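**Student:** Pasting a structure here, questions to come.
The values are calculated or read from the model by the stated rules, or taken from the named source; none is laboratory data. Bear in mind that the values here come from a model prediction, so they are computed numbers and not experimental data. Here the Cβ positions follow ideal geometry from the backbone for every residue, glycine too, while neighbour counts run over all protein chains shown.
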Amino acid sequence: MSAEVAYQKVFGYPESLKPAQTHYCPGCGHSIAHRLVAECLDELGMREKTIGVPPVGCAVLAYNYFNFDMVEAPHGRALAVATGIKRVHPDKLVLTYQGDGDLAAIGTAETIHAANRGEKITTIFINNAIYGMTGGQMAPTTTLGQVATTAPGGREPERHGRPIDISRMLAVSDGTVYIERCSLTSVKNIRKAKKAIMKAFRAQLDGLGFTLVELLSPCPTNWKMTPKAAWEWIDTEMVKTYPLGVIKDNTGYEDKK
Amino acid sequence: MPSEKMLMRGSNVVGEAAVRAGCRYYFGYPITPQNELPEYLSWRLPEVGGTFIQAESEIASINMVMGAAAAGARVMTSSSSPGIALKQEGISYMAGQELPCVVANMMRGGPGLGNIAPSAADYFQATRGGGNGDYRTPTLAPAGGQELAEMVFVAFDLADTYRTPVMLLGDGLMGQVMEPVVFPDPIDPASLPQKDYILDGCEGRDPRAIYSLILDPPALMEHNLKLQAKYDLIAEKEVRYDTVELDDAEIIVVAYGTAARIAEEAVHELRAQGHAAGIFRPITLWPYPKQQLRELARDGRKVAVFELSLGQMVEDVILSVGERAPIYFYGVPGGVIPTPADVTDFLHSALADDGKVGRRIEV
Ligand SMILES: Cc1ncc(C[n+]2csc(CCOP(=O)(O)OP(=O)(O)O)c2C)c(N)n1
Ligand code: SF4
């Protein structure tokens, strides 16, 4: 065998990510989610045809990491901003990347209505059950009993209301075609999450309607856990409130095994 | 080619002028008294291949505007007073991101829900921001009819030239009244100058990011100073105003928009009675024609400010005129529209300095 054909690149840095050091904490799910989005865009050859909207939240600086066009939205308004973009550039892949506070508290109206209009946009929804950026306050998705700086005794249904399952709520709307909940814990789950993101992008490019992938994502810093314990908490506790799996799939795609 | 002369309601004039100025995107939420504008654009925009979306709120609509502006489009929204309050966050973001758009406000009575009658109580809201941060919103206040059509074109040009949100300030009366109008030459959006900052996918170039978050204080300071330099340039180059019979005037009425239309009748009446009265009508409320008004306030002339509010623009008049001339103020809030005779009474009172109608401002 000649030396020239001996090596083939099987793993590298995705082109859709800038070679930058992120500000995310060790063990944070945001870094993994970024990489998955980037890998999917690379594989679809869509980097130069993508416009993204980062949230206000820990991922507010995502435009420093993603290697494609991005415009920052005010807190919660990503899907309204994305609507404006998509209507001007219907041929581009438009995505929002949003935390639970952004998507399911302050931005609930924008989220529901963009989904219900069937905007051909994909939302990557990072559910870490807490307000990361502002220091661990209660999120709409904080689970019952979970401690937050504004629910120091743990979330109680009577006092704080119940955790919201926005993905299931969105599934009710005819505007949504594909919604899946995955977790960023084990290699197996992460690979599953990537498949879901791929499918959502594909459905958008096929013009089918609104797609969303919810990712249960560790926030070791504000959960006050080690990264390993944070993964375990998702796998054992968080999934009780947010069970993993396909919530809605009207794509009609046949899943390749 | 300019259009034929058409008889149209003010709201429709704004809509048609926007389409002819090359605007193909409108996002808004219904509120009286400006619903005729979105209703008009809801059929007119699709006719020219444009997009109209009735959003779920004013907040959503201004953010859709932000997205479309980032994507490179000429885009507008409209609302009335309480709805504009909700758009202020987005306007502040767009000022920071240096994104262009036109926001029309057909003002109504306030505060709060107020009423739906024509008022002009949003002068502060328009000219002093309302959103957070050090920014300015160029604000055009046409007096209706033909000028309404022309100022829509000017608003889009200002927005694109300076990469800023621009406010078009009208009121419910202006929106409803039918007047003759000739539209300027239509603009093909494809013929507009290319923008080198927009997001359209980074094919063949580095990716772009549009944002207003600048965490490093010296860097944000630099951005603020850059914005300020732009506002200084706008203040230097874009001031607009109109005057009526000022040459020999012993009293200058300062009024804008609908109030100026009422004042014009009062001035004619006063002239018929032998008093030399004239009008100074700011068309840009920010930048305010400060210097121009200041230069006119001389030779013992009196300055009489008339507003459809309890006194907001009068603060800019005070800043312009200072102690160079006595300033009188007459304002009617709440959507009550005074008659020309009411304004005539005010001007007589100012001339006599008898305090019967309105009041003298102590500077
Ligand atoms: C209008 C407005 N309100 C509040 C804030 C403060 N704020 C910034 S991020 C955030 C919550 C972020 O939480 P989440 O969306 O869950 O994202 P995470 O940081 O956990 O990734 C809040 C309340 C803001 N920036 N703007
Ligand atoms: S605070 Fe939480 S969500 Fe934010 S970067 Fe750190 S670990 Fe990630």
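**Student:** Could you tell me whether region A:113-122 includes any residue that is within 17 Å of residue A:54 (Cβ to Cβ), at pLDDT 95 or above, within 14 Å of chain B (Cβ to nearest Cβ) and within 15 Å of ligand 1 (Cβ to nearest atom)?
**Tutor:** No, that holds for no residue.
**Student:** Among the residues of region A:205-214, is any within 16 Å of ligand 2 (Cβ to nearest atom) and of a type in the set (D, E, K, R)?
**Tutor:** yes
**Student:** Next question. Residue by residue through region B:80-91, note down the ones that are in contact with a Ser or Thr (Cβ under 8 Å, 6 or more places away or on another chain) and touching a residue at least 40 places away in the same chain (Cβ under 8 Å).
**Tutor:** Going residue by residue through region B:80-91, those that are in contact with a Ser or Thr (Cβ under 8 Å, 6 or more places away or on another chain) are B:80-81, B:86-87, B:91.
The answer is B:80, B:81, B:91.
**Student:** Given the structure, is residue B:99 closer than 26 Å to residue B:8 by Cα, under 20 Å from the mean Cα position of the chain (by Cα), at pLDDT 95 or above and buried (at least 24 other Cβ atoms within 10 Å of the Cβ)?
**Tutor:** no
**Student:** Let me ask something else about it. Determine which member of the set A:248, A:224, A:199, A:194 is over 30 Å from residue A:92 (Cβ atoms) and either surrounded by 15 or more Cβ atoms within 10 Å (Cβ to Cβ) or among the basic types (Lys, Arg) (or both). Steps first, please.
**Tutor:** Working: A:248 fails: over 30 Å from residue A:92 (Cβ atoms); A:199 fails: over 30 Å from residue A:92 (Cβ atoms); A:194 fails: over 30 Å from residue A:92 (Cβ atoms).
Exactly one of A:248, A:224, A:199, A:194 is over 30 Å from residue A:92 (Cβ atoms) and either surrounded by 15 or more Cβ atoms within 10 Å (Cβ to Cβ) or among the basic types (Lys, Arg) (or both), namely A:224.
**Student:** Identify all residues within region B:207-236 that are at the interface with chain A (Cβ under 9 Å from one of its Cβ atoms) and assigned to a loop (DSSP other than H, G, I, E, B); write none if there are none.
**Tutor:** B:207, B:208, B:211, B:212, B:213, B:215
**Student:** Name the single residue that is surrounded by the most Cβ atoms within 10 Å (Cβ to Cβ) among those in region A:8-25 being near ligand 2 (Cβ under 8 Å from one of its atoms) and away from every other protein chain (no Cβ under 14 Å).
**Tutor:** Ranking the qualifying residues of region A:8-25, first place goes to A:24.
**Student:** Kindly establish whether residue A:48 is surrounded by fewer than 24 Cβ atoms within 10 Å (Cβ to Cβ), more than 16 Å from ligand 2 (Cβ to nearest atom) and not in a strand (DSSP E or B). Explain how you work it out, then say what you get.
**Tutor:** Numbers: surrounded by fewer than 24 Cβ atoms within 10 Å (Cβ to Cβ): yes; more than 16 Å from ligand 2 (Cβ to nearest atom): yes; not in a strand (DSSP E or B): yes.
When the stated conditions are applied, residue A:48 passes them.
**Student:** Here is a further query. Residues in region B:267-274: is at least one under 16 Å from the mean Cα position of the chain (by Cα) and at pLDDT 95 or above?
**Tutor:** To start, the set of residues in region B:267-274 that are under 16 Å from the mean Cα position of the chain (by Cα) comprises none.
Looking for residues that are under 16 Å from the mean Cα position of the chain (by Cα) and at pLDDT 95 or above, one finds none in region B:267-274, hence no.
**Student:** Consider residue B:72 against the criteria (1) surrounded by 24 or more Cβ atoms within 10 Å (Cβ to Cβ); (2) not in a helix (DSSP H, G or I): it satisfies all of them except one. Which criterion is unmet?
**Tutor:** Just one mismatch for residue B:72, condition (1).
**Student:** Evaluate the following for residue B:299: is it farther than 22 Å from residue B:118 by Cα and touching a residue at least 24 places away in the same chain (Cβ under 8 Å)?
**Tutor:** No.
**Student:** Moving on to the next point. Just give me the residues in region A:31-65 being within 8 Å of chain B (Cβ to nearest Cβ) and in contact with a helix residue (DSSP H, G or I) (Cβ under 7 Å, 6 or more places away or on another chain), in sequence order. Give the steps one after another, and end with the answer.
**Tutor:** Initial filter on region A:31-65 (within 8 Å of chain B (Cβ to nearest Cβ)): A:47-51, A:53, A:60-61, A:63-64.
Scanning region A:31-65 gives A:47, A:50, A:51, A:53.
**Student:** Aliphatic (A, V, I, L, M), surrounded by fewer than 24 Cβ atoms within 10 Å (Cβ to Cβ) and touching a Pro at 6+ places or on another chain (Cβ under 9 Å): is that true of residue A:164 in this structure?
**Tutor:** Spelling it out, residue A:164 is indeed aliphatic (A, V, I, L, M), surrounded by fewer than 24 Cβ atoms within 10 Å (Cβ to Cβ) and touching a Pro at 6+ places or on another chain (Cβ under 9 Å).
**Student:** Sort out which residues of region B:273-304 are aliphatic (A, V, I, L, M) and more than 15 Å from residue B:258 (Cβ to Cβ), and write them in order of number.
**Tutor:** B:276, B:277, B:293, B:296, B:297, B:303, B:304
**Student:** Hey, another quick one. Determine if region A:224-246 includes at least one residue that is within 14 Å of chain B (Cβ to nearest Cβ), in a helix (DSSP H, G or I) and more than 16 Å from ligand 2 (Cβ to nearest atom).
**Tutor:** Looking through region A:224-246, none of the residues is within 14 Å of chain B (Cβ to nearest Cβ), in a helix (DSSP H, G or I) and more than 16 Å from ligand 2 (Cβ to nearest atom).
**Student:** Looking only at residues in region A:73-107 that are of a type in the set (Asp, Glu) and within 11 Å of ligand 1 (Cβ to nearest atom), which one is nearest to the other protein chains (Cβ to nearest Cβ)?
**Tutor:** Within region A:73-107, the first condition is being of a type in the set (Asp, Glu), and the residues that meet it are A:91, A:100, A:102.
Those left that are additionally within 11 Å of ligand 1 (Cβ to nearest atom): A:100, A:102.
Details: A:100: 19, A:102: 13 Å.
The qualifying residue nearest to the other protein chains (Cβ to nearest Cβ) is A:102.
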